[in-house]
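The structure appears right after this line, and notes come after that.
Values in this text are rule-based calculations from the coordinates and carry no lab data. Please read these numbers as outputs of a predicted model, since none were measured by experiment. All Cβ positions, glycine included, derive from the backbone under ideal geometry; neighbour counts span all protein chains shown.
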Amino acid sequence: MTPSELHYPDDATAPPRDHARSPAIELIGVDKRFGTVHANRDIHLVVEKGTVHGIVGENGAGKSTLMSILYGFYHADHGRILIDGQEVTISSSHEAIRHGIGMVHQQFMLVDNFTVLENIILGAEGDRLVAKAERRARALLVRLARDYDLKVHPDAVVSTLSVGEQQRVEILKALFRGAETLILDEPTAVLTPAEADHLFRILAQLRDEGKTVLLITHKLREIMAITDTVSVMRQGEMVATWPTRAVTVEMIAEAMVGRRVLLRVDKGPSDPGRTLLAAEHLTVKDGRGVTVVDDVSFTVRAGEIVGIAGVAGNGQSELIEVLAGIIQPTAGHITLAGEDITGLDPADLRDRGLAHLPEDRQRVGLVLPFGGCENIILGYQDDPKYARGLFLDWKAIAATAKSVFASYDVRPGNAFLRAALFSGGNQQKIVCAREIERDPSVLLVGQPTRGVDIGAIEFIHKRLIALRDRGKAILLVSAELDEIRSLSDRILVMCGGRIVGECAPETPESEIGLMMAGLGDTAGERSERRNQGATP
């Protein structure tokens with residue numbers, strides 16, 4: 001489908017314009033290449049003042065490149081940038097800030113061992129004794145805490161803050177530097193639902209005060225909830241701009257991918273077989289002696305997906321890591337197809353048919369300086385298919401990488417490109433391909449679609465269902481409750497490091513939410529009450 005084939009609503013040919021004032025941002029004919037990769041193709045974009053303008057597209061569509069040009073990280077090969085109607089040249093982030101543009105990146109630009117206050121004034125002290133800047137920053141923190149409920153203590157060390165709090169520090173930093181336009185790149189990729197809701201309240205307040213927000217996201221529900229205008233990019237081109245009120249999620253998804261996208265998981269009933277993975281009274285204590293997994297027991301059978309729901313930080317991550325052999329249990333046992341595998345390391349577990357798709361692809365799933373082809377065999381490099389004695393068979397590795405890149409639509413298709421240069425969603429495809437294509441008997445999955453666009457989500461979901469239908473056992477952890485409910489055949493709910501209940505995927509979200517908060521009944525309590533004839 002070409003841009004001309006898109007179906008525009010009658011009132012959606014352009015966002016509403018206020019002709020009494022210039023747009024906050026105009027990009028005219030912006031073009032950018034990286035070698036053979038044409039990242040941005042003749043981009044035209046108008047962003048009105050005092051609006052939240054969403055920019056969506058598949059991973060690798062060119063969204064982040066475009067915003068990096070606006071923020072001065074990259075310089076366009078061609079094109080013009082207008083701010084408040086005046087043409088400007090932005091060759092560095094310092095110039096972008098001087099023109100009133102701030103940016104909050106996916107990977108936060110904070111110094112972990114500095115305080116909130118020190119991070120906010122870093123590089124903008126304006127006084128040798130920094131006392132004046134420090135007073136300004138404190139005053140700003142107090143005002144923003146009052147106006148936006150941004151409760152971040154100015155003397156707190158950044159490393160002690162939650163991810164949501166660190167993001168607020170980034171927003172504070174941009175506002176302190178006088179940002180009138182704020183760019184946020186996938187801001188909810190690492191936030192809990194509650195933190196995301198809090199962020200959107202902040203963005204709505206900023207908009208109401210006349211600030212302009214550019215929101216890069218792949219989550220279409222967020223686009224519908226918070227934006228005034230949405231622009232869609234595909235393969236480096238801007239293919240549509242609509243008022244959000246005039247479009248549907250289905251229209252945006254089709255424009256992003258170039259075809260109709262299935263927005264729900266299409267799966268038949270499961271046919272569970274024998275138990276392949278079992279945990280018995282599993283307990284894990286962290287380095288401080290705090291129990292993070294508390295006496296957990298469960299099974300996962302062949303041909304089923306068991307989802308684990310829970311608010312982040314309730315032991316799900318540690319449970320996956322202990323099952324994958326990354327950390328050791330304090331007590332309890334783990335069995336794989338009836339064999340005790342407690343304490344085995346990840347290499348031994350891979351040899352026995354247990355694969356792990358880690359929730360942190362960059363820290364655990366990839367070696368970022370390595371090429372895509374090296375990462376495709378990471379952990380499996382001793383396979384006779386790829387190894388000849390002490391040497392690797394690079395021809396075989398390249399052939400595998402080329403085939404997998406094509407099958408998983410990894411973009412760009414250059415398997416020798418360093419992993420660090422792929423977008424987050426394409427990095428995730430590389431990790432998924434490596435683990436799924438080994439055809440494991442048991443797959444541990446952590447956050448499979450975090451930071452992944454809608455087309456890739458559909459693709460990954462189909463692969464997981466296909467694996468289940470081939471009789472494999474899958475344990476799934478996801479921060480997205482919709483994803484848990486859509487993919488899972490059974491759902492276990494964790495709270496405080498314990499499994500507090502089990503429920504079916506069709507269980508109302510509100511009921512699962514109460515269990516996640518430790519306020520709902522356990523499955524056993526509900527069953528006992530039904531057996532006694534009480535009202536559930």
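Quick one: go through region 444-480 and flag any residue whose amide nitrogen is under 20 Å from the point 7 Å out along the Cα-to-Cβ line of residue 335. Residues 444, 472-475 fall inside that zone. The magnitude of the dipole of region 275-531, with charges of +1 and -1 set on the Cβ of Lys/Arg and Asp/Glu and taken from the Cα centre, is near 800 debye. Once backbone amide H atoms are built at 1.01 Å from N, residue 55 has 215, 216, 217, 231 as its partners under 5 Å, excluding neighbours fewer than 5 places away on the same chain. Model label points for residue 382 and residue 37, set 7 angstrom from Cα along the Cα-to-Cβ axis, are 3.3 nm apart. Here region 229-249 and region 453-526 have alpha carbon centers that stand 31 Å from each other. Considering only 213, 85, 471, and ranking their Cα positions along the charge dipole of the chain that arises from unit charges at the beta-carbon of Lys, Arg, Asp and Glu, the one farthest toward the positive end is 85. Cross-link pairs exceeding 28 Å between alpha carbons, from the set 32/151; 63/211; 63/173; 285/472: 32/151; 285/472.
Loop-resident trypsin sites (Lys or Arg not before Pro) (DSSP state other than H, G, I, E or B) in region 201-290 with no more than 10 further Cβ atoms inside 10 Å of their Cβ: 259, 260, 264, 288.
Please order 230, 477 by the number of other Cβ within 10 Å, starting at the fewest.
Working: 230 27, 477 24.
Result, fewest neighbours first: 477, 230.
Students often get this wrong, so try it: which of (i) 85, 22, 16; (ii) 40, 28, 25; (iii) 42, 41, 19 is semi-axes √(5λ) of the Cα gyration tensor in Å as calculated from the structure shown? For semi-axes √(5λ) of the Cα gyration tensor in Å, the calculated option is (ii). Partner lysines whose Cα lies under 18 Å from the Cα of residue 385, excluding those fewer than 8 positions away in the same chain, are identified as 395, 402. In this calculation the C-beta distance from residue 86 to residue 246 is compared with R0 = 25 Å, giving a FRET efficiency of 0.25. Note on region 275-531: semi-axes of the ellipsoid equivalent to its C-alpha gyration tensor, largest first and rounded to whole Å, are 33, 20, 16. Distance between the modelled labels on residue 275 and residue 44, one decimal in nanometres: 6.5 nm (7 Å Cα→Cβ projection).
Exposure proxy shown here: for 27, 392, the number of other Cβ atoms within 10 Å sets the order, fewest to most, as 392, 27. Between residue 470 and residue 146, full extension at 0.36 nm per residue minus the direct alpha carbon distance yields a gain of 111.1 nm.
Evaluated over the Cα positions of region 229-351, the convex hull gives a direction-averaged projected area, one quarter of its surface, of 12.3 nm².
With +1 assigned to the C-beta of every Lys and Arg and -1 to the C-beta of every Asp and Glu, and no other charges, what is the dipole magnitude of region 195-329 about the Cα centre in debye, to the nearest 20?
Dipole of region 195-329, to the nearest 20 debye: 420 debye.
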